[in-house]
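One structure below.
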Amino acid sequence: MSGEAVLTGDLARRVIDPHAYAAWGGLLDTFDHIRDTMPVAKVEPDAPGLFDPFWLVTRYDDVMRISKDNATFLNNPRPVVFSFNQAIEFSRAATGSNMLVDSLVVFDAPIHPKYRKLTQEWFMPRNLAQLEDELRALAARTVDRMIEQGPELDFVKQVSGPYPLRVVMQILGVPPEDEPRMQMLTQQLFGGQDKDLSGSGMDRMTPEQVVQLVAGAVRNFEDYFAGIAEDRRRNPTDDVASVIANALVDGQPLPPRDMAGYYIIVATAGHDTTSASTAGAMQALAHDPEQWARVRADRSLLPGIVEEAIRWTTPVQHFMRTAAEDVELGGQQVKAGDWLMMNYVAANHDPAQFPDPRRFDAARSPNRHLAFGAGAHQCLGLHLARLEMKILFEALLDRVAAVEPAGDAQRASSTFVGGLKTLPLRVRAA
Ligand code: HEM
């Protein structure tokens, strides 16, 4: 016997079923069971050829190790997020690459650091400080509007969704009237599996239907950002859109596909993720009025709320890597070329790292979660995400005396970027 831990049948299906991710408690139970019994497990398809088997990694320490060892665990050439084989074949036929979009998350060294360096400084706290006043004004407007429309509201639709969307669109030079288009395209790209978010109206799409939807979204994004880039080459400003439009790598401008990929990753990575963490924190606080009152009285608790929100929600639920060489992981023999899923939801609920992991604990310390990943690909926008959330919560704490649930919240059906898609709340203005 080889001793290989293999996951098949119902458990395997739950790991890749978008609907399982909408039922959060059950999903966490599944991951607890898998982490306890086979922390590094080979997930095999029910039907041959459906998808390539992959190693599911659920322990915090193992996910951290993979994230930080960028020489052994590569983002290329296999898709960075879980994909069915039909989707990979479609992408190869359409673009010549396994991935529909070439962007930072797809590249490895030596290309990745060159591309990352182009915008790294822009996303550092020192540069972001110049956005603070604008963010404060936007947060205040968003919360004022919420209170006018209250006392009952859908927090995702009215607050946590539109606020980070405007921030990202602003740094990319997208005018407010184009936001609905950007929002729809992002959700097609990330949440293509959720009928409400993708606009498809289809509950269970085939992998081919999903990939058609994603490919259409990518083309639409590419056309749109070609116009923005052209404008920023002629009239550069200090926004990130101008940095990308005028960037040189090895003395050459970015090829059109890479430039489009750069815009797409920034346009899509930053808003539904931040929205999901913000909404998750609000949900936790709505169920715990004492914690809301405590943090209103003591704002030093706010950074803890933000960090715990990001861990507790873990909106980016997984990324994939491919082993460059044979390696032993969690007692399993991973072979060169094997595909691995770093499951951030499972890792961020590993009780060996986070005592009582399902509890929302603003005072959790240490809280070295993996929601932003780690290593060379660690989230480029993590300082922006934290800053946006902190500023929004300051505005909410200033203006909202009490908050409580006003109905059942719903989560998106998505294996990749997930989280609340509705959060009915009742608020009492301060
Ligand atoms: C990468 C999570 C917000 C831009 C990532 C990764 C994760 C992540 C898990 C991959 C890390 C890895 O492979 O090790 C999140 C979460 C966010 C958030 C949970 C909000 C709570 C943002 C924002 C932006 C952004 C606001 C920018 C506007 C990016 C980019 C990458 C990335 C460009 C690719 C980095 C690379 O491959 O070098 N993010 N993100 N993210 N994120 Fe975020």
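A few comments on the model shown:
- Residue in the range 407-423 that is out of contact with any helix residue (DSSP H, G or I) (no Cβ under 6 Å at 6 or more places or on another chain) and within 13 Å of the ligand (Cβ to nearest atom) present: no
- Within the span defined as the range 263-272, every residue fails to be closer than 30 Å to Y115 by Cβ and out of contact with any Leu (no Cβ under 9 Å at 6 or more places or on another chain).
- Listed by position, the helices (runs of 4 or more DSSP H) inside the range 86-190 whose residues that are without any contact (Cβ under 8 Å) to a residue 40 or more places away in the chain and acidic (D, E) number at least 3 are 132-149.
- In summary, R359 fulfils each of the numbered conditions (1) among the charged types (D, E, K, R); (2) assigned to a loop (DSSP other than H, G, I, E, B); (3) in contact (Cβ under 8 Å) with a residue 24 or more places away in the chain with the single exception of condition (3).
- Pairs meeting the criteria (first residue in the range 363-390 and within 20 Å of D350 (Cβ to Cβ) and assigned to a helix (DSSP H, G or I), second residue more than 7 Å from the ligand (Cβ to nearest atom) and among the polar types (S, T, N, Q), beta carbons under 8 Å, at least 6 apart or on different chains) are G375/N70.
- Meets criteria (surrounded by 14 or more Cβ atoms within 10 Å (Cβ to Cβ), of a type outside the set (A, V, I, L, M), in contact with a Gly (Cβ under 7 Å, 6 or more places away or on another chain) and over 18 Å from V156 (Cβ atoms)) for G419: no
- Meets criteria (of a type in the set (D, E, K, R) and farther than 25 Å from T186 by Cα) for E148: yes
- Selection within the range 297-340 - more than 25 Å from the chain's Cα centre (by Cα), in a strand (DSSP E or B) and among the polar types (S, T, N, Q): Q332, Q333
- Within the range 392-401, tally of residues that are surrounded by fewer than 22 Cβ atoms within 10 Å (Cβ to Cβ) and in contact with a helix residue (DSSP H, G or I) (Cβ under 6 Å, 6 or more places away or on another chain): 2
- Selection within the range 281-323 - without any contact (Cβ under 8 Å) to a residue 24 or more places away in the chain and closer than 19 Å to V417 by Cβ: none
- The residues of the range 370-390 that are more than 6 Å from the ligand (Cβ to nearest atom) and buried (at least 23 other Cβ atoms within 10 Å of the Cβ), listed by number, are L370, E388, M389.
- Checked across the range 297-308, the condition of being under 23 Å from P180 (Cα atoms) and within 14 Å of the ligand (Cβ to nearest atom) holds for no residue.
- Whichever residue in the range 95-131 is away from the ligand (no atom under 15 Å from the Cβ) and farther than 19 Å from V243 by Cβ and, among such residues, is surrounded by the most Cβ atoms within 10 Å (Cβ to Cβ): L100
- Scanning the range 58-81 for residues that are in a loop (DSSP other than H, G, I, E, B), within 14 Å of the ligand (Cβ to nearest atom) and under 18 Å from S103 (Cα atoms) yields a total of 7.
- Taking the conditions (1) within 15 Å of the ligand (Cβ to nearest atom); (2) hydrophobic (A, V, I, L, M, F, W, C); (3) within 25 Å of G375 (Cβ to Cβ) in turn, A279 satisfies each one other than (3).
- Answer residue from the range 156-177, given it is more than 16 Å from the ligand (Cβ to nearest atom) and of a type outside the set (K, R) and is nearest to A276 (Cα to Cα) among those: Q158
- Test: I265 is within 16 Å of the ligand (Cβ to nearest atom), under 21 Å from the mean Cα position of the chain (by Cα) and surrounded by fewer than 23 Cβ atoms within 10 Å (Cβ to Cβ): yes
- Matching option when the condition is at pLDDT 90 or above and surrounded by fewer than 22 Cβ atoms within 10 Å (Cβ to Cβ), among D223, D203: D223
The values are calculated or read from the model by the stated rules, or taken from the named source; none is laboratory data. Keep in mind that what you see is a predicted model, and the values were worked out from it rather than measured. Note that each Cβ is placed from the backbone with ideal geometry, even for glycine, and that neighbours are counted across all protein chains shown.
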